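**Student:** Quick one: structure below, then a few questions.
The values are calculated or read from the model by the stated rules, or taken from the named source; none is laboratory data. Fair warning: this is a prediction, and the values are worked out from it, not measured in the lab. All Cβ positions, glycine included, derive from the backbone under ideal geometry; neighbour counts span all protein chains shown. For the accessible areas, the whole protein counts, side chains as well, though only heavy atoms, and no ligand, DNA or RNA atoms are used. Shrake-Rupley method; radii C 1.70, N 1.55, O 1.52, S 1.80 Å.
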Amino acid sequence: KAWFHTYNFPIIITNCSNNYGPWQYPEKLIPVTIINAINNKEIPIYGDGKNIRDWLYVEDHAEALLIAATRGEVGQSYCIGAFQEKRNIDIVNNICDYLEKKFPNKNSHRNLITFIEDRLGHDRRYAIDSFKIMNELGWKPRHDFVKYLEITIDWYLNNLEWVKKLSKNNN
């Protein structure tokens, strides 16, 4: 914003909530849960798992960025969120339950959940108020969390080679 106010540099700023979807780096909550569960490894959850995040599907985020860039007012900031707040433990349980349906002969994936020490200064809740971008630019999220979480899980199950390749490159 300083460049906008000082030099009249044409900026539009966006801030978003947590993203999820295909191609997300495997260190994040949703991919690490999927990957660890299918590999029968511990699923780490910080603290008591009751930290809350608003979850935004990646395609909704991309659409919002395009709308902000093409319709947004120079010098303004827009928050992008989906109003889909979930506790981390609930997301992990959703993933485990979906995997149980896909692989019914396996032991319960929920048994892999391991609570680990929370990070210092870890926020209890992240939330974004998207009403400005919705009201001023006409954007709104289109993707339902539960449905697109399942689509995301299926994507990872169908792209395990990509995950393995990333793991090899980072070891």
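**Student:** Assess whether residue 114 counts as being under 19 Å from the mean Cα position of the chain (by Cα), of a type in the set (Val, Ile, Thr) and modelled with pLDDT of 95 or more.
**Tutor:** Here the answer is no, as residue 114 does not meet what is asked.
**Student:** Sticking with this one: So, in segment 105-117, how many residues would count as being within 14 Å of residue 38 (Cβ to Cβ) and surrounded by 18 or more Cβ atoms within 10 Å (Cβ to Cβ)?
**Tutor:** 2
**Student:** Under 6 Å between Cβ atoms, at least 6 apart or on separate chains: pull out the pairs that start in segment 1-21 with a residue that is in contact (Cβ under 8 Å) with a residue 60 or more places away in the chain and closer than 24 Å to residue 128 by Cβ and end on any residue that is among the charged types (D, E, K, R) and outside any helix (DSSP H, G or I).
**Tutor:** These pairs meet every condition: 17/54; 18/53.
**Student:** Would you point out the residue of segment 122-171, among those that are open to solvent by 40 Å² or more (accessible area, probe 1.4 Å) and touching a Ser or Thr at 6+ places or on another chain (Cβ under 9 Å), that is farthest from residue 25 (Cα to Cα)?
**Tutor:** 132
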